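This report refers to the structure that appears directly beneath it.
The values are calculated or read from the model by the stated rules, or taken from the named source; none is laboratory data. What you are looking at is a predicted structure, and each value in this text was computed from that prediction instead of being measured. Please note: Cβ atoms are built from the backbone with ideal geometry, for glycine as well, and neighbour counts cover all protein chains shown.
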Amino acid sequence: MSSSTIRFSIIALLTMLMLQGCSEGDITGYETEAVYARVTGDLTTMEGIVVKLTDSRGTTFSQKTDATGVAAFLVPTGVYQASVSHTTEPQDGWRTIYNGATANVVVRHGEETTVSIALTQARSSAIIIRELYVSGCQNDDGSGWFHRDKYVIITNNSGERIVLPGLCIAIATPYNSYTINKNYDAGGKLTYEDEGFMPASSAFWYFQGSEVTFEPWEEKVIALNGAIDHTTTYSNSVNLANAGYYCTYDIEKYNSTSFYPSPSELIPTSHYLKVVKYGDEYESTWPLSTSSPAMFIFTPPAGMTPLEFGMDADNVWYDEGRALSTFACRKVPIGNVLDGVEVFSTAWDENYKRLTAAIDVGYVSLTARQGHSVERRIDTAETERQGHTVYLDTNNSSNDFVQRDHASLRDR
């Protein structure tokens, strides 16, 4: 994914007019206001751009712009997130994606409101996160839940052979989506949104070797905890003991043997991902949320190995602006981020975005402790065209991902 920043404006003009239009949300029984959203910017066409208003309960109203770039809404008063996620038709195997969002848009009765959204222009990457399983499953006897069986599947979403100069797995801060995020400015924007980087919190894992190769359509399964067969103890869990799998295992850096037991002898040591740790020295495990992580994958900057990048003391950013090791992050250039997925917890009414719009403008909701995972939807049109399963990739998890009933590895 490469990116550059352009600006679009959404002008929301609130009047007492009653528009005849449709949207996804149910407005029955509510007093409503007319909202006109104007999109401007360097697009090939101004018509047919989908604009969304999403309230604090998750109700979404969608309208398309007309030839002049105006989308008309009829919505109740309240607080909304305004967003745009537009993907062009494929050209030479790449799609251009325009994403952006602004939080805390207040729609009041009879007032005029102006909303400005900074959109990023990006190309979708061939290497994507296909599935993420972190939330654990119920014990067989119903006594509780087990969650040391996490994994992620990274996939080549193309028929081309892809060679990367390294591949790294990182998480954003705060670790849980429902933790109050103090990295927003007064305008409801992430403070690092315009800085051209994404903070990798605490540590990141990287594949061994100077290159990482994906054959056409190849997937790599990475055990994030416990690269063993968990089904021998927990029938609702997954078997992560497979010669073709990878695992995060660097016991000298993260020494919790309950989270990181010795990997199955089936997994070669060359498949062990190593870690660059720069966060709290007392952490015994990577602080990956079991309910609502924000995960992203990236390549190291040109001329640097993952280890060199992670150890670069001049590339430090501190969560909440607090210069303590607990809050240390590394600044990953947006142009090096291949993909990301933002997960919100269904157990909380308030969740906060951590990934920037250049990476993921939306989110996917997850109910924890029930064996669920989040997985990409299939792009049916591209699958039919290419004769192979192709996954959606619009840099918007609200469009691209869905919660699965159970982790896909249980079916293997």
Exercise for the section: Answer with yes or no whether Glu193 is part of a loop (DSSP other than H, G, I, E, B), assigned by TED's automatic domain parsing to the domain that holds Val316 and more than 28 Å from Asn315 (Cα to Cα). Expected result: no
Problem - Selection status of Val275, in contact with a Lys or Arg (Cβ under 6 Å, 6 or more places away or on another chain), at pLDDT 95 or above, under 24 Å from Thr155 (Cβ atoms) and not charged (D, E, K, R) - result: yes
Exercise for the section: Determine, yes or no, whether Ala186 is part of a strand (DSSP E or B) and among the small types (Gly, Ala, Ser). Expected result: no
Exercise for the section: Output the qualifying pairs, or none if there are none: Cβ atoms under 7 angstrom, residues six or more apart or on different chains, first residue in region 154-174 and of a type in the set (Asp, Glu), second residue buried (at least 18 other Cβ atoms within 10 Å of the Cβ). Expected result: Glu160/Ala126
Handout entry: Hits in region 355-412 (condition: under 30 Å from Ser235 (Cα atoms) and among the acidic types (Asp, Glu))
Key = Glu375, Asp400, Asp405, Asp411
Problem - Qualifying residue in region 232-254 (condition: in a loop (DSSP other than H, G, I, E, B), modelled with pLDDT of 95 or more, under 23 Å from Val163 (Cβ atoms) and hydroxyl-bearing (Ser, Thr, Tyr)) - result: yes
Exercise for the section: Would you be able to tell me the number of residues in region 137-164 that are surrounded by fewer than 24 Cβ atoms within 10 Å (Cβ to Cβ) and either part of a loop (DSSP other than H, G, I, E, B) or touching a helix residue (DSSP H, G or I) at 6+ places or on another chain (Cβ under 7 Å) (or both)? Expected result: 12
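To keep it simple, each residue is scored yes or no on (1) of a type in the set (A, V, I, L, M, F, W, C); (2) buried (at least 16 other Cβ atoms within 10 Å of the Cβ); (3) more than 26 Å from Asn139 (Cα to Cα).
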| residue | (1), (2), (3) |
| --- | --- |
| Tyr246 | no, yes, no |
| Tyr249 | no, yes, no |
| Ser256 | no, no, no |
| Leu288 | yes, yes, no |
Completion exercise
When (1) surrounded by fewer than 21 Cβ atoms within 10 Å (Cβ to Cβ); (2) assigned to a loop (DSSP other than H, G, I, E, B); (3) in contact (Cβ under 8 Å) with a residue 40 or more places away in the chain are applied to Ser262, the one that fails is (3)
Handout entry: Top-ranked residue in region 371-388 [being in contact (Cβ under 8 Å) with a residue 60 or more places away in the chain and in contact with a strand residue (DSSP E or B) (Cβ under 7 Å, 6 or more places away or on another chain); ranked as surrounded by the fewest Cβ atoms within 10 Å (Cβ to Cβ)]
Key = His372
Fill in the blank from the handout: Only one of (1) surrounded by 22 or more Cβ atoms within 10 Å (Cβ to Cβ); (2) touching a Leu at 6+ places or on another chain (Cβ under 9 Å); (3) over 28 Å from Arg377 (Cβ atoms); (4) touching a residue at least 40 places away in the same chain (Cβ under 8 Å) does not apply to Tyr184, and that is (1)
Practice task
Evaluate the following for Ser177: is it among the polar types (S, T, N, Q), at pLDDT below 95 and either part of a loop (DSSP other than H, G, I, E, B) or not assigned by TED's automatic domain parsing to the domain that holds Ala347 (or both)?
Solution key: no
Handout entry: Subset of region 382-412 [assigned to a helix (DSSP H, G or I) and of a type in the set (D, E, K, R)]
Key = Glu382, Glu384, Arg385, Asp400, Arg410, Asp411
Practice task
Tell me, yes or no, whether region 388-398 has at least one residue that is charged (D, E, K, R), out of contact with any Gly (no Cβ under 8 Å at 6 or more places or on another chain) and under 22 Å from His147 (Cα atoms).
Solution key: no
